[in-house]
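Novice: Handing you a structure now.
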Amino acid sequence: MAVYEVYAHPALVKYRTAVCTKATLFVVAVLCVTYIAPLLVAYRSHGFWLKRSSYEEQPSVRFQYQLLLIVATSTSGDYVAWSTFPKFNSLQGNKLRIPSTSAREEDQNQDGKLDRLHLLLELPLRPEEQVYSIQLLLTFSYQLSRMSSVVMQSLLLLQHSSSIPGSQLFLSGDLRLQQREPLLHRGLDTRYNVSIINANSPFSSSYDLAQIIEMYEERNLTTVLSSPNPVWTFGRAAAAPFQLKAVIRYPMDIIRYPFRSPGFWEMIKFAWIQYVSVLLIFLWVFQRVQTFVFQNQVLPTVPVPLLKQHNA
Amino acid sequence: MRPLPVSRTMAIISHPCLYTVLVGLLNHAYGNVVFQPSFILTSGPKVTAYLLGNNSGISLILTAVQPSNTTGALPLPVCAEGDPGQWFLLAETVEKNTLKVELSLNHSLQLCGNTTDCCLQPLCVLETLQVLACQDALPRARLLVQAQIYAVVLPTRPVSENKTVIPNQAFEPLGPCPCDLTHGTCDVLCCCDQDCSPGALQLFKSKCFPGVFGGNVTPAPDYQCSVQSSRNDPDWFPFLCVTSPADNSPYLGLFFQGKTITPRRGPSFQSPTLTAPLPESTYRQGDPIFTEVGQYFTIPQRSMVGQCLDNAPVAFLQNFQFWCPRLLASCPTGPPLRTTPSDLKIRVRDGFGGFITVSVVEEVAGDLSPFVSSPGQTGKPNITESSLFPGRTQASTSATIRNQSQIELCHNVTLAMDYTAFWRGNGLTDIVLVRVIGNVPLDPGVFVTTRYSAVFVNGDASAQPNSGNPGYINGKPVIAGTLDKGTGTVQRSPISLWQPVGDGLCASAGRKPVVFGENVTAGCLLRLAVQDLEQCGQLRETVRTGLAALVMVTFVARSGNPDAANLTDWVNITFVPLNVSTASASPPGVCEDIPSHLNIHIYSTEVQLRGRLQKLILAMEVSYTLSTWRVECGGGDSLPCTQTTVTQSFPVSSAVTFISIPAQTPPPKTRFQINFTEFDCDRNDVCWPQLAYPLTRYYTGEPYSLSLAKGLILVFLFIAASLLGNLWRQICQVWRSFWV
């Protein structure tokens, strides 16, 4: 009749020794190596402590309905200008020309965050005036909320110039965040929630575009219009206005976030994952080593005879 | 008279006034009668035309005519009574010589239902009518009417109530077709529009509006078996499906139940509120300066992208200088190019409760070249005129005015307005305006550049500014000077660089001071001919003195605020002597060892003074770089070699280099220090001090106390877990074995 192994179970063998013996020293050493070595391995192989990370978020952007428009109407320096800042307009004298401006913000996917801005600006011009260059400043309020709550005012400069007079400028682009430093991993960040253009200033220096842009670019968080393909259309009818059509989308942006370091538990969590995965290997290896050493009596110990197992 | 097209004629009929004019004209033109218009396309049950001309004895005959089957032509007009068909004719005299002819359909346009007076098919009337104006049985005028009239389709349900009955939204969608925008009309591409006839739907059935706005508000839900087969899903997905009538839509229950949220008011184009400026009693920095009448005190300034604003307010204690180029099309008659001293003598609030008047000093511009630029003037250098350093030969002023007798001159054009405001405390004590005027030739395309500046001066305007206290500030001029033997003090004078203007010749070049911390190079050109290169020794001396004029000093200040009497504040400038071999005889047109480049090396350091790092100058060295100047006449242009007076350009330049010397140089690092980075966390990502990173001072994501507390909690948990397990039993055994 064939005999086969019908069942197997491990039997617990205990080894006893005195405190000051080689076996105690061996066990303590193995214990240290088993638990400390994985830490060293994980740490020295880079990336143990999470220091930089990034996430994706669609900002909630609102157009602030503030515009500043400068249009060169001849090659010899004539221009017309307009803005939503009354002090700027009063500086312009007879160069002021009010365009008809329409702005519409759309939430296309109905998620509560606006997705795009349609801007149409029609600037009336005299028949002898031609448009050679256009500069338009738009201000937005920009908010992020997933990790650090960032509330800031941001700026877009739309500009184009051509040696050929145009009738229309079409721009379609994305509002992109530019980070000079990563954001904090939590907390409220209102450093840049201040107006970029001082609308209450009567001085001409407040509306100097170079100054405005210089001060804006000093910030660590700015927005830019990434519109690689502006279309400048020639040939304006005598009585037709100059048109600026812009579609500015507010897409998802990748945000680098732990400015100094991520939160404590986030770091511990990622470190723990790495530590334990290395620890398992060490546990397995040194268990085998210990079993070999004690089973074969490499170090003298007193094996406790196999007792009948009681169900504790 | 040009015959009017039909469509326009019909439009005119609706304007009686215009028509009367037309009638008069036509009456004048024709003695006979005429229908106006004489051909009408109608799609309604009423047609109006006018018979113009002497209509006494005219009879109107209405007949329905059929075009010939073979030729398609209408029969010839014959003044015989015919069948008027379903139309009747009404004639009415509007005024003398004008008869209004009106044709009306004598039955309703409803589609036949239960009534008899109706249309049998949708195209109710399709016929051609002819109205003849007969006189003495002869046709005098003919009116043709092409009638193509469709039946009126009325709603089948009674429209008794004014209110729209809103169905229960739980069982019937409220807006089943959102793209049905026009009531009673088939909206193109809106396939759910009930007004669209099946024929119309055929036209655009493949291009229906998609989604919600296409009226497709009850798409079949995902669980329907019919959806499953139409998708690209695997056949087992979804595992189960439901077969139910399309009326059981889950979207039916989705309707507005009366809950409202107040919308957050977003920004919009705000109505501009322009507040009048409020003059304050005293001035602080940045406050606008006001005139006596409470308006801004303005000076033209540049702003935006370089445009000049004529009425820009001036801020207290803010200096500026702007250049405003303007195209001079005609002689100016008013500001800003034409100003009178009386206009400029403005009374300004001084900030102490009183007023000061701007005092105007007039100057006439001697040289117009900084102010007037004309594209017509070509400053082509004279090729036979040598040009050296300023003061040596005549500089060729390129902006010489052309023959002035032919060109109209604009007199007394304002070319510069330089305001100097003296201030004390919170107010102004005096404002002086230096106005530069000149006579500008009115040339087509001439640009007049006007300079506007304002400087606020407190106390002595001639006081020399320092460049730091005590260390130098980056961007401030380096202070230098020469020792005045008589008084024993150092007289300040600047170290300069060339500031080339225009054509870049040294003769016309200006100078700019050397500023601390900025490495600069600048240069200019000399124009020399072969004859100038004959005397090399003299040329060397000329170039050397020309460059040495940039550094006409012997001392440079150690710090930014030197004491003129204290020589320890000043450092001697080292001049490296020129090592020139004078004996060498060079061929004609070649000069060797010309000191054409001036090197200024300034050694600076940073030392701890008064609690912070201050920048000081330790030494300054001036040296020359020698080069060989040779008249080049290769490349086909042999003129400079053959003619001794034809000139070529030779560059002279100077450069300033700042060399920062550390106050205490650290000992050089050994190779072991360079390579051993185990404990240098700046150079090693896995340095040992950051092993327990969140518990170290390196970690700044959270306060140290907080991360320490969290770390201790973790350690406590680990210790507790390990003690309560096997280890605890082992320790207990050891403990017992000791005591037993």
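What follows draws every value from the coordinates through simple rules; no lab data is involved. Treat the numbers as computed from the prediction; the structure is a model and nothing was measured. Counting neighbours? That spans all protein chains shown, and the Cβs are built from the backbone with ideal geometry, glycine included.
Novice: Translational diffusion coefficient, Stokes-Einstein: compute it for chain A using the Kirkwood radius over C-alpha pairs as Rh, at 4 °C and 1.567 mPa s, and state it as an integer in µm² s⁻¹.
Specialist: Using the Kirkwood radius from Cα pairs, D works out to 50 µm²/s.
Novice: Follow-up. Would you mind pulling out the separation of the Cα centroids of the range B:520-562 and the range A:1-68, in Å?
Specialist: Taking the Cα centre of each part, the range B:520-562 and the range A:1-68 sit 74 Å apart.
Novice: Just list whichever of A:Lys87/B:Lys512; A:Lys95/A:Lys245; B:Lys485/B:Lys512 have alpha carbons separated by over 29 Å in the model shown.
Specialist: A:Lys87/B:Lys512
Novice: For the range A:169-179, what does the Karplus curve 6.51 cos²θ - 1.76 cosθ + 1.60, with θ = phi - 60°, yield as ³J(HN,Hα) per residue in whole Hz, taken in order and with x for Gly and Pro?
Specialist: Working through the residues one at a time gives 10, 10, 10, 9, x, 10, 8, 10, 8, 10, 10 Hz.
Novice: A further question follows. Just name one of A:Phe88, A:Leu121, A:Ser149: the one whose Cα is farthest towards the positive end of the charge dipole of the range A:55-258 (beta-carbon charges, Lys/Arg +1, Asp/Glu -1).
Specialist: Comparing the listed Cα positions along the dipole, A:Phe88 ranks first.
Novice: On to the next question. Extension gain A:Arg256-A:Gln58, at 0.36 nm per residue separation less the Cα-Cα distance, in nm?
Specialist: Stretched out fully, the A:Arg256 to A:Gln58 stretch lengthens by 69.9 nm.
Novice: Between B:Val227 and A:Arg288, what FRET efficiency comes out of the Förster formula 1/(1 + (r/R0)^6) with R0 = 51 Å and r the beta carbon distance, rounded to 0.05?
Specialist: Approximately 0.30, to the nearest 0.05.
Novice: With loop defined by DSSP as not H, G, I, E or B, and exposure as at most 16 other Cβ atoms within 10 Å, which is the longest segment of chain A clear of exposed chymotrypsin sites (Phe, Trp or Tyr not before Pro)?
Specialist: Here the longest segment lacking exposed loop sites spans A:8-312.
Novice: Each label point is 7 Å from the Cα along the Cα-to-Cβ direction; what then is the distance between the points at B:Glu95 and B:Ser342, in nm?
Specialist: 6.3
Novice: Next question, about the same structure. Based on Cβ point charges of +1 for Lys and Arg and -1 for Asp and Glu, what charge dipole magnitude is obtained for the protein assembly as shown about its Cα centre, in debye rounded to the nearest 20?
Specialist: With only Lys, Arg, Asp and Glu charged at Cβ, the dipole is about 3480 debye.
Novice: Where does the protein assembly as shown land on the Kirkwood hydrodynamic radius, alpha-carbon pairs, in angstrom?
Specialist: About 42.3 Å for the protein assembly as shown.
Novice: Under 15 Å from a label point 7 Å along Cα→Cβ of B:Thr128: give me every residue in the range B:52-79 with its amide N that close.
Specialist: Counting backbone N atoms under 15 Å from the label point, the list is B:63-78.
Novice: How large is the convex hull of the Cα atoms of the range A:1-155 per residue, expressed in Å³ as a whole number?
Specialist: Output value, Cα hull per residue: 398 Å³.
Novice: Hey, another quick one. Give me the one-decimal nm value for the distance between modelled label points at B:Val242 and A:Asp78, 7 Å along each residue's Cα-to-Cβ direction.
Specialist: Computed distance between label sites B:Val242 and A:Asp78 equals 7.1 nm.
Novice: Hey, can you grab everything whose amide H is under 5 Å from the amide H of B:Thr340? Only 5+ residues off in sequence or another chain; H modelled, so Pro and N-termini drop out.
Specialist: Correct list: empty.
Novice: In terms of modelled amide H atoms, which long-range or inter-chain residues lie less than 5 Å from the amide H of A:Tyr79?
Specialist: Amide H neighbours of A:Tyr79: A:Thr73.
Novice: With the crude spin-label approximation of a point 7 Å out along Cα→Cβ, what separation in nm comes out for A:Leu96 versus B:Leu706?
Specialist: 5.1
Novice: Another question, if that's okay. Which one of A:Gly173, A:Gly263, A:Gly77 has the biggest mean-square fluctuation once chain A is modelled by GNM with Cα springs under 10 Å?
Specialist: Judging by the Gaussian network model, the answer is A:Gly77.
Novice: Suppose R0 equals 51 Å. What FRET efficiency, 1/(1 + (r/R0)^6) with r the Cβ-Cβ distance, do B:Lys485 and B:Gln318 give to the nearest 0.05?
Specialist: Rounded to the nearest 0.05, the efficiency is 0.75.
Novice: Name the residue farthest towards the positive end of the dipole of the protein assembly as shown from the options A:Ala23, B:Gln643, B:Tyr693, assuming +1 on Cβ of Lys and Arg, -1 on Cβ of Asp and Glu, about the Cα centre.
Specialist: Value: A:Ala23.
Novice: Also, I was wondering about something else. Any idea which of A:Leu175, A:Thr233, A:Asn198 is furthest toward the positive side of the dipole for the range A:55-258, if Lys and Arg beta-carbons carry +1 and Asp and Glu beta-carbons -1?
Specialist: Ranked along the dipole, the leading option is A:Asn198.
Novice: Return the loop-located GluC sites (Glu not before Pro) in the range B:486-593 (DSSP other than H, G, I, E, B) with at most 13 other Cβ atoms within 10 Å of their own Cβ; answer none if there are none.
Specialist: Numbers: sites: B:Glu518, B:Glu534, B:Glu541, B:Glu592; in loops: B:Glu518, B:Glu534.
Passing sites in the range B:486-593 are B:Glu518.
Novice: Ok, one more. Quickly estimate the mean residue ellipticity at 222 nm for the protein assembly as shown, helices only: each DSSP H run with n ≥ 4 gives -39500 (n - 2.57), and the total goes over all residues, rounded to 500.
Specialist: The helix contribution divided over the protein assembly as shown gives -5000 deg cm²/dmol.
Novice: How high is the relative contact order of the range B:517-662, given as a whole-number percent (alpha carbon pairs under 8 Å, six or more residues apart)?
Specialist: Relative contact order, the range B:517-662: 38 percent.
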